[in-house]
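Shown next, in structure tokens, is the structure this report addresses.
The values are calculated or read from the model by the stated rules, or taken from the named source; none is laboratory data. Quick caveat, the model's predicted, so the values are computed rather than measured. Neighbour counts are summed over all protein chains in view; Cβ atoms, including those assigned to glycine, are modelled from backbone coordinates with ideal geometry.
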Amino acid sequence: MPTKARPQDNLLNLFLSAYDDKTWANATLAWLDQQQDGTVELLATRVDGTTLAIEHTLIEWFIGEREDFERFKAFLAIQDDPLLVTPGKIVYVNVPRGVLAKGQAWKRIVDGVHQWLRTHIQALPTGESMQTCVIGGGVPDVPLQARVIPEPKFNDHPIIRRYGSVKQSDDAHLFTVPVEQELGGETFEELLNDLAASVEHRDWQRVRALDERLRLAVNRVTAEHIASGFKRNYT
């Protein structure tokens, strides 16, 4: 079945804007996989008639990130439970990466965490703590990171995220270092701490500004990174 337009299509536009000394920036684009199943993703044609076929490449922050995030999405629905609203405090609950591993009872784990939060969320201590979600029935316990921040005006659901170490490729620094340079020397950690603080203070204007700043930096470096790698490996 042919695909539909996707957000990652913008990466290919960025790639062409930087590839081969920007000689493909004004190429005519034909999104072939949106017209016919099984074709390459994009065919670009320059004004001189030269063509370039492109197939989408998976880009991940760490090895296995896409698969892990797709599984993690099951936890995000928990955030919408009206029984988990915490008046007067912001609650972060972090589940470990990889908790929904192959061979595990995924639904029982997600439902177990959900029920545990219903029972314990109002009693979580202020500050940072580690909590053990006991599910039972042969299902392993789930270690949860919790962070509770008093905020009198807050009256909303918990924020569920992931935590844990990740496996990066040996050349990951080739991507992260240029992005931090695009950020003016600010590290990922510094920016994310700033973003977290803005969320805690409900400064949504700054949250949007920081998100846009990071997105533009990543997009610029991604386009240049893909273009240089493509040129090195295939030309």
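Quick rundown of the values:
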item	result
Residues being more than 16 Å from GLY49 (Cα to Cα) and surrounded by 14 or more Cβ atoms within 10 Å (Cβ to Cβ) - total across the range 14-36	9
The range 122-165, residues that are out of contact with any Lys or Arg (no Cβ under 6 Å at 6 or more places or on another chain), of a type in the set (A, V, I, L, M) and closer than 10 Å to ILE90 by Cα	ILE149, ILE159
Matching option when the condition is on the phi < 0 side of the Ramachandran plot, at pLDDT 75 or above, under 16 Å from the mean Cα position of the chain (by Cα) and in a helix (DSSP H, G or I), among ARG213, ARG206	ARG213
Cross-chain or 6+ apart pairs with Cβ under 8 Å, the range 128-147 first and within 15 Å of GLY164 (Cα to Cα), then exposed (fewer than 15 other Cβ atoms within 10 Å of the Cβ) and of a type in the set (A, V, I, L, M)	PRO143/MET130; LEU144/MET130; GLN145/MET130; ALA146/MET130
Any hit, the range 31-40, residues being modelled with pLDDT of 80 or more and either in contact with a strand residue (DSSP E or B) (Cβ under 7 Å, 6 or more places away or on another chain) or in the same structural domain as ASN155 (by TED's automatic domain parsing) (or both)	yes
Sole exception among (1) charged (D, E, K, R); (2) in contact with a strand residue (DSSP E or B) (Cβ under 7 Å, 6 or more places away or on another chain); (3) outside any strand (DSSP E or B) for ASP111, by number	(2)
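Yes/no matrix, rows are residues, columns are (1) in a strand (DSSP E or B); (2) under 15 Å from the mean Cα position of the chain (by Cα); (3) assigned by TED's automatic domain parsing to the domain that holds GLU151:
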residue	(1), (2), (3)
PHE69	no, yes, yes
LYS73	no, yes, yes
GLN79	no, no, yes
LYS89	yes, no, yes
VAL93	yes, no, yes
VAL99	no, no, yes
